[in-house]
1. Return the residues of region 98-112 that are assigned to a helix (DSSP H, G or I) and crowded, with 22+ Cβ neighbours inside 10 Å; say none if nothing qualifies.
2. Can you tell me which of (1) in the same structural domain as P345 (by TED's automatic domain parsing); (2) crowded, with 16+ Cβ neighbours inside 10 Å; (3) more than 31 Å from the chain's Cα centre (by Cα) is the one D229 doesn't meet?
3. In region 324-343, which residues are surrounded by 17 or more Cβ atoms within 10 Å (Cβ to Cβ) and closer than 24 Å to Y228 by Cβ?
4. Condition first: in contact (Cβ under 8 Å) with a residue 40 or more places away in the chain, of a type in the set (F, W, Y) and over 17 Å from L196 (Cβ atoms). Now tell me which residues in region 387-434 satisfy that.
5. Among the residues of region 211-220, is any touching a strand residue (DSSP E or B) at 6+ places or on another chain (Cβ under 7 Å), of a type outside the set (K, R) and either farther than 30 Å from R439 by Cβ or in contact (Cβ under 8 Å) with a residue 12 or more places away in the chain (or both)?
6. Please identify the pairs in which a residue from region 265-281 that is closer than 15 Å to R117 by Cα has its Cβ atom under 9 Å from the Cβ atom of a residue that is among the charged types (D, E, K, R), counting only partners at least 6 apart or on another chain.
7. Scan region 327-353 for residues that are small (G, A, S) and in contact with a Gly (Cβ under 7 Å, 6 or more places away or on another chain) and jot them down.
8. Taking the options V184, V129, V139, V172, name whichever one is in contact with a helix residue (DSSP H, G or I) (Cβ under 7 Å, 6 or more places away or on another chain) and modelled with pLDDT of 95 or more.
Amino acid sequence: MDEISAKAQNAEERGTPKHNVKIIALGGLGEIGKNMYVIEYGEEIVVVDAGVKFPRSDLPGVDYVIPNIEYLVQHQDKVKGIFLTHGHEDHIGGLPFILRELKVPVYGAPLTIGLVRAKLEEHKLDKLVHLQVVKEETVIQLDKLRVHFFHTNHSIPDSLGVAVDTPEGIIVHTGDFKFDMTPVGHRANIFKMSELGSQGVLALLADSTNSEKPGYTPSEKSVGAAVYDTFRTCEGRILFATFASNVHRLQQVVEAAEATGRKIAIQGRSMERVFRIAQELGYIRIPQGMQIDIQQLDKFEDRRIVIICTGSQGEPNAALSRIASGAHSKVQIHPGDTVIFSSSPIPGNTQNINKNIDLLFRAGANVIYGSVIDIHASGHGCQEDLKLMLSLIKPKYLVPIHGEYRMLLKHAQLAEELGITQDRSFVLDIGEVLHLNRRQARKGRKVPAGEMLVSGNKVGQVRSDILADRRHMSNNGVILVLMVVNEDWTAVLSGPELISRGFVFVKEASEIIQRATALTRRAVSRLIKQGVNTEEGWKSRITEVLSSHLEKTMQRTPLIVPILTHLERQEKGPSRKPSRPRRKRATIAPAAAQEPTGTPQK
């Protein structure tokens with residue numbers, strides 16, 4: 001036996017761990033969305049979830065925000081797989097972008113993998129990624145780690161908690177959960193949770209979303225009764241908006257429509273995809289002939305129609321948003337329609353939701369939303385649910401996850417009521433490493449972490465100056481300054497032409513653009529006289545002059561973008577008689593007209 005092995009064996013015999021377990025959140029802490037958690041021991045890493053977050057208002061031009069996976073890419077040889085708790089976007093939405101860099105298998109329950117496969121097909125990655133379906137009884141045996149699962153209740157079928165057995169103890173990740181005693185679908189496996197607790201759980205990573213709300217979360221069954229009662233009293237068409245992935249809710253809508261003699265039409269790409277996958281797996285059951293195409297709406301009386309659509313969060317391009325604004329090509333609001341919002345607003349979406357509600361009322365619809373009736377039940381546990389999970393799992397250490405900071409802190413305070421002292425609860429930041437073993441736990445240095453921004457199909461850090469320009473344009477507009485300059489920077493051959501977008505009104509445009517154009521001409525004349533012959537010098541001076549003038553005269557500072565076309569010097573061949581050099585005189589080519597050439601914003 002070599003010296004190193006002997007030391008390791010002696011350490012183990014003395015009870016000193018060879019490795020600490022590391023717990024790292026790459027997303028999902030201090031925020032709602034982009035959930036991604038790392039459990040590491042020795043040479044093995046297990047990743048739980050790979051979600052997405054919708055961009056904040058200060059990220060114009062950004063489509064999605066995903067976790068920074070630099071740490072995982074650096075240790076790719078250690079990563080054994082991504083284990084998914086369920087199929088919501090904030091847990092699976094980042095996969096198409098993350099799996100381009102991280103070549104690892106993905107594990108999840110049948111519906112979860114079905115949704116992931118459809119998502120990867122859109123990005124042409126389905127043939128490149130190994131997807132493995134797991135069930136509650138599945139065990140994934142790695143070298144030192146062992147991964148297994150237990151059923152939980154959430155607002156989507158096939159929700160799982162994940163348990164990772166390590167040499168130092170069990171790490172349990174709850175996923176999103178509540179305790180529903182009359183669920184639609186699987187019951188939570190309380191027995192298995194209790195069994196894990198009796199074996200000794202080292203740390204619990206637990207959902208904190210509803211930690212500020214007292215009591216228990218209502219059962220999904222209660223929503224089914226409210227949906228039926230609402231459908232029974234509606235005279236016209238019903239437009240039902242909810243999360244596309246809320247499969248249990250969708251099945252209850254189908255049942256209520258059937259009971260009240262209504263046909264259903266599906267609208268919204270993600271809603272259509274979920275219906276197709278959930279029907280294939282048997283989670284949604286629609287009687288023969290009940291579903292109709294959106295083109296067939298006019299063939300039936302309004303009181304015989306339910307339209308199930310996306311847009312419950314006010315997403316600008318979702319079906320309900322387009323219907324509310326009158327921009328939908330196939331569905332317009334009829335007087336007497338009833339629109340039902342069956343979801344809770346995600347933080348940041350309230351303004352868009354309220355705008356759509358107002359538009360729907362203006363169009364003549366009756367709108368049911370908020371707490372008007374009990375038409376929505378959260379999929380996340382309230383305070384008593386969280387206490388029950390803690391009592392079943394009995395963890396030595398608690399790591400609150402999935403929530404804004406105040407939610408994480410409240411979860412830790414609830415745990416203290418059950419005897420988990422403050423020194424055993426760890427409210428972490430994204431990227432912060434928690435080192436723990438059977439004897440102790442401590443915070444360590446942060447690993448590379450944060451946000452990666454997705455714009456179109458590109459992933460990366462959008463430069464701060466680019467985002468600043470976008471915000472500047474959105475607040476103050478932009479002025480483009482177009483010019484063609486000769487090879488020596490001694491004459492302007494065309495322009496300056498000023499084009500305004502989002503800055504001035506039509507009635508103001510002529511005089512303002514004319515003054516700004518004249519000012520630009522004077523500035524360029526001085527540049528030529530001073531012998532400035534660099535593009536940077538010209539751009540800087542033009543920007544400075546126009547910005548100062550517009551701020552003084554209009555108290556606004558649009559983004560100034562000089563666009564200079566510089567004619568390059570052409571190499572001339574030898575001539576038989578060298579021409580006598582002529583002295584060039586600095587000039588500005590006369591403009592075609594002295595009137596402003598800018599295009600005012602309408």
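The values are calculated or read from the model by the stated rules, or taken from the named source; none is laboratory data. Since this is a predicted model, take the numbers as computed values, not measurements. Quick reminder, even Gly has a Cβ in these numbers, built from the backbone with ideal geometry, and neighbours come from all protein chains shown.
1. Within region 98-112, I98, L111, T112 qualify.
2. (2) is the only condition that D229 fails.
3. Correct list: V331, I333, D337, T338, V339, I340, F341, S342, S343.
4. Of everything in region 387-434, just one residue is in contact (Cβ under 8 Å) with a residue 40 or more places away in the chain, of a type in the set (F, W, Y) and over 17 Å from L196 (Cβ atoms), namely Y405.
5. yes
6. Close Cβ pairs satisfying both conditions: S270/E89; R273/K119; I277/R117; L281/D158.
7. Passing the criteria: only G336.
8. Exactly one residue qualifies, and that residue is V172.
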